[in-house]
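Comments concern the structure below.
The values are calculated or read from the model by the stated rules, or taken from the named source; none is laboratory data. Keep in mind that what you see is a predicted model, and the values were worked out from it rather than measured. Note: ideal-geometry Cβ built from the backbone for every residue, glycine included; neighbour counts use all protein chains shown.
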């Protein structure tokens with residue numbers, strides 16, 4: 001399964017990561033980006049994007065960190 005994840009202070013709206021975790025939009029996760037790990041927010045938990053060199057979500061920090069209604073403002 002793939003998920004689209006928004007990462008603060010990046011020039012891209014969101015990145016696509018692979019995961020075996022059950023994620024929902026609004027979940028706070030930790031993902032690798034470059035040589036570091038950063039916090040990100042799941043914006044789509046069922047991505048269909050094809051991306052080369054896809055990385056995996058490391059862990060879920062908090063479920064429903066951002067309520068669905070608030071997340072809709074971002075999208």
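Output the residues belonging to the stretch 27-40 that are buried (at least 19 other Cβ atoms within 10 Å of the Cβ) and either modelled with pLDDT under 95 or assigned to a strand (DSSP E or B) (or both). Quick ask: steps written out before the conclusion?
Start the filter on the stretch 27-40 by keeping residues that are buried (at least 19 other Cβ atoms within 10 Å of the Cβ), which leaves 27, 29, 31, 40.
Answer for the stretch 27-40, where residues must be buried (at least 19 other Cβ atoms within 10 Å of the Cβ) and either modelled with pLDDT under 95 or assigned to a strand (DSSP E or B) (or both): 29, 31, 40.
Of all the criteria given as (1) at pLDDT 90 or above; (2) surrounded by 11 or more Cβ atoms within 10 Å (Cβ to Cβ), the one not satisfied by residue 51 is (1). Among the residues of the stretch 54-69, how many are in contact (Cβ under 8 Å) with a residue 40 or more places away in the chain and surrounded by fewer than 12 Cβ atoms within 10 Å (Cβ to Cβ)? Final tally of qualifying residues: 2.
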